[in-house]
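All remarks here apply to the structure that follows.
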Amino acid sequence: MKIVFLGTPEIACPFLNRITESGHSVCGVVSQPDRLQGRGMKLCCPPVKNRAGDLSLEIFQPRTHEDLSFALSELKPDLGVVVAYGRKIDASALAIPRIGFINVHFSFLPQYRGAAPVQRALINGETVTGVTVFWLDEGMDTGPVFASRGVAIGPDDYAPELFKKTSETGMELLSECLSAIAAGRIVKVPQAGGATLAPKITASDTRLDFNCPAAAARNLVRGLAAGPCARFKIPVNGRPSEVQVIKCSIRRSVPAARPGIITGIEKEKGFCIQCSDGELLLEEVRPEGKKPMKALDFMNGARLKPGDAVL
C-alpha cells in the first residue's frame, strides 16, 4: 500500500516517523511552501519538509490546487494520510488516491471541527476530548469516521501537555487504522450529533478579560500556552507594555477590588489580579521583548505594586 503523507508543523512529524517505522511504503510527502518568518524575515522550511529530508523521502510543496493534483497524479498513491496539513484539499485531488484520504483530527468529531480543537477545548474548560481518524470529503472535517478514542484533560493540563496526549493517542489510532486498511477492512461511519467549531486563534482571542470569572481567564491561559499565549497590557515605566501569561492559578476570594487590579503578592509564587469572582495568581509570564520569567521577578523589575491596574 503506497501512502502519501500530507502535513506541515512539528506536531505532524512524529506521525510521519510512525508510518515509516511501521513498514508502510511512503511514496511522497506534501507540505506547505517555505515561508518568511521572524523579525529578519528569513525563509524557513516547514518542520515536515525537514523531517522528510531526514528520512530521504520525496517532498512536494504545491502552491495551488492544480499543483497538488499534479503531484498526486505523479505519485499514484493508494492512500493519503493527513495530519495538520493546514490547507483544504479540493475534489479533484481527493479523487486521486485509490482508497481515499484519512485525516487525524484532535477532537471527537463532529465536536470542534476546525483549525484549533485542542486550544478551544481547553479554553472552554472541557474535561474530556478525543482523537478521530476520519475520511476526508469536500467539507470542513465533515467526512465519515473510521475510528475515535477519548483523551482525558487534567485540571492542570496546558496546551503543550494536551497536544502531547492527543498526539500519542492519535499515533496509536492511526497505526491501527492503517493496519486495518492494509488488511482490507474499511470503516466509514457518518458523523452523528451536534457539530461545534474550533476556528483558528486570532489576535483578539488572546486578550485576557479580567471582568470574566477567574476560571475562564485561567482556561484561556491553558489553551494558548503553546502560542500565541494569553496576554494583557499594563503600564510599565510610563508606557503600555504587553505581558503574556504562561502559567497561573486561581485564588478564590470575595472580590475586594474592581476587576483588573493587582490585589496582592504571594511570596515565591507570584502576584494576583482581581477577576469578577476571585483572583488570578500569575506565576510565569513573558514581558514584551523578553524571555519567560517568574511573575514576581517581572513585578519587581517593572516596579508594580498592589493597586496598580491593567489597561
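Read-outs: derived from the displayed coordinates by stated rules, not from any lab. Treat the numbers as computed from the prediction; the structure is a model and nothing was measured. All Cβ positions, glycine included, derive from the backbone under ideal geometry; neighbour counts span all protein chains shown.
Couple of notes before you dig in:
- Residue among 3, 80, 41 farthest towards the positive dipole end of the stretch 2-182, charges placed on Cβ: 41
- Near residue 283, the amide H atoms lying under 5 Å from its own belong to 247, 248, 249; only residues 5 or more places off or on other chains count, and H is placed 1.01 Å from N.
- Since only 184, 245, 152 are under comparison, the one whose Cα sits farthest along the positive direction of the charge dipole of the chain, derived from C-beta charges on Lys, Arg, Asp and Glu, is 245.
- Here the peptides 182-189, 300-307 are ranked by packing, the mean other Cβ count within 10 Å, and the order with the highest first is 300-307, 182-189.
- For the chain, the pair-distance distribution built from all alpha carbon pairs, in bins 10 Å wide starting at 0, is 6, 24, 28, 20, 14, 7, 1 percent.
- Peptides 201-210, 263-272 ranked from most to least packed, by the mean per-residue count of other Cβ atoms within 10 Å: 263-272, 201-210.
- Of all DSSP beta bridges in the chain, antiparallel share, percent nearest 5: 70 percent
- Computed over the stretch 201-310, the ratio Rg/Rh where both radii use C-alpha atoms and Rh is Kirkwood: 0.92
- With the convex hull of its Cα atoms as the shape, the stretch 167-233 has an orientation-averaged projected area of 7.2 nm².
- Taking the helices alone, the chain has a mean residue ellipticity at 222 nm of -7500 deg cm²/dmol, built from -39,500 (n - 2.57) per DSSP H run of at least 4 residues and averaged over all its residues.
- Charged-residue dipole, Cβ positions (Lys, Arg, Asp, Glu), the chain about Cα centre, Debye nearest 20: 780 debye
- Which of 56, 127, 16, positive extreme of dipole for the stretch 2-182 (C-beta unit charges): 56
- Folded to 0 to 90 degrees: helix 159-182 orientation relative to the chain principal axis, Cα: 10 degrees
- Within the stretch 3-100, DSSP assigns beta bridges of which about 20% are antiparallel (rounded to the nearest 5).
- Each peptide among 100-106, 111-117 gets the average number of other Cβ atoms lying within 10 Å of its residues, and from highest to lowest they stand as 100-106, 111-117.
- Available extension along the chain between residue 277 and residue 78 is 66.1 nm, counting 0.36 nm per residue and deducting the alpha carbon span.
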